[in-house]
1. When the residues of the stretch 38-70 are filtered to those that are aromatic (F, W, Y) and over 15 Å from I302 (Cβ atoms), which remaining residue is surrounded by the fewest Cβ atoms within 10 Å (Cβ to Cβ)?
2. Within the stretch 48-68, can you find the residues that are part of a helix (DSSP H, G or I), under 19 Å from G106 (Cβ atoms) and of a type in the set (G, A, S)?
3. Would the stretch 126-138 turn up any residue that is in contact with a His (Cβ under 7 Å, 6 or more places away or on another chain) and not aromatic (F, W, Y)?
4. Does the stretch 71-78 include one or more residues that are surrounded by fewer than 17 Cβ atoms within 10 Å (Cβ to Cβ), modelled with pLDDT under 95 and in contact with a Gly (Cβ under 9 Å, 6 or more places away or on another chain)?
5. Under 6 Å between Cβ atoms, which residue pairs at least 6 apart in sequence (or on different chains) link something in the stretch 244-264 that is touching a residue at least 40 places away in the same chain (Cβ under 8 Å) with a partner that is open to solvent by 10 Å² or more (accessible area, probe 1.4 Å) and in a loop (DSSP other than H, G, I, E, B)?
6. Return yes or no: is A166 at pLDDT below 90 and surrounded by fewer than 15 Cβ atoms within 10 Å (Cβ to Cβ)?
7. Which condition does L86 not pass, out of (1) open to solvent by 40 Å² or more (accessible area, probe 1.4 Å); (2) in contact with a Gly (Cβ under 6 Å, 6 or more places away or on another chain); (3) at pLDDT 90 or above, if it passes all the others?
8. Out of the stretch 198-218, which residues are among the small types (G, A, S) and under 21 Å from the mean Cα position of the chain (by Cα)?
Amino acid sequence: MRVGVAAAAIIGLAAATAIVGYVGFRAVFSALALIGWRGLVVLCLWSAVPFALLGLAWFLLAPGLPLRRWRTFVWARVLRDSASELLPLSQLGGFVIGARAAVLQGLTPTLASSTTVVDVTTELIAQFGFTGLGVALLAARLGAGGAHDALIGAGLIGLALTAAGATALIVLQRRGWGPIERLAARWGPGAAAKVAAFGAAVNALYDRPLALAAAVACHLAAWVASAAGVWLALAVARIDISLPAILAIEALVCAVRSAAFVAPMGVGVQEASYALIGPLFGLGPEMSLAVSLLKRARDLVIGAPALLIWQGLEGRRLVGGRREGSEVEGGRD
């Protein structure tokens, strides 16, 4: 498994390098220099807005928690995205790390894991709306035509697949725990009981439609806010492109990245998507790739310190556990 992930990451990195080389290293890095450090600072600072919304979406799914616990979910969401973007993991690895971070902040494992599963589902539903916006903007920009119709058709197929995936995921979460419980029973009654408790927790979350709707709305607002951050970074650099164009580019790129979720860190997939989609909305391939590199720099600036802090917390917890164990053994002597 690890060999496969490493191979996929290497292939993606080679593809990304080849794409940048095809467009031209000098042209791409000149475009990146045009955006400059001011654009990076704006993008990093603005990231607090979508992260706050993403944390709120997750928090709204957890029943009975005081408002101050919202910060727990914001922090866990930062770690989830940082792990997905910086570590050689698929997005599934990021989900696990995010849930683990929530547990370290005091949530029960069942609450952290069940809300993670439902949060991912509500985000997928919101992305359906965001992608739909991108496809609509693409259709309005390109109009009718043979090649254009094929491209728009591909976008509509992607929307249909997203809707089907979200529906299947909800059905599985609502009704698919029986077979999993029977499989877990082979490992012992304790495992089956944990699966049953987890399934019940997930189903209880789906019985709160207003919370689900609010979470979807927060996720959609976070998608739009994230795209607005890219537009602001380009505006600071006085790069003339409209906000609707950036919204469309970001929506379509995110859709492609989500479809290729098994690609570690989206390396290669993200670069190819920007290089192909950006020019459709007036953003040259060199500037489109510069935006991709800018976002990766943003992920590094935010994600690396977050992951280091998380590792420190995990290490302190591990050392503390060993120390307590040693004291207990010493007391027995």
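1. Among them, the one singled out is W70.
2. Passing the criteria: only G55.
3. yes
4. Applying the first criterion (surrounded by fewer than 17 Cβ atoms within 10 Å (Cβ to Cβ)) to the stretch 71-78 yields 71.
From the residues that got through so far, the ones that are modelled with pLDDT under 95 too are 71.
Going one step further and asking which of them are in contact with a Gly (Cβ under 9 Å, 6 or more places away or on another chain), we end up with 71.
Looking through the stretch 71-78, at least one residue is surrounded by fewer than 17 Cβ atoms within 10 Å (Cβ to Cβ), modelled with pLDDT under 95 and in contact with a Gly (Cβ under 9 Å, 6 or more places away or on another chain).
5. Qualifying pairs under 6 Å: V262/S90; P264/P88.
6. In short, no.
7. If we test L86 against (1) open to solvent by 40 Å² or more (accessible area, probe 1.4 Å); (2) in contact with a Gly (Cβ under 6 Å, 6 or more places away or on another chain); (3) at pLDDT 90 or above, just (3) comes out false.
8. A211, A213, A214, A215, A217
The values are calculated or read from the model by the stated rules, or taken from the named source; none is laboratory data. Just so you know, these numbers come straight off a predicted model, no measurement behind them. FYI the Cβ positions are ideal-geometry reconstructions off the backbone, even for glycines, and counts take in every protein chain you see. We work out accessible area using only protein heavy atoms, side chains counted, and drop any ligands, DNA or RNA first. Shrake-Rupley method; radii C 1.70, N 1.55, O 1.52, S 1.80 Å.
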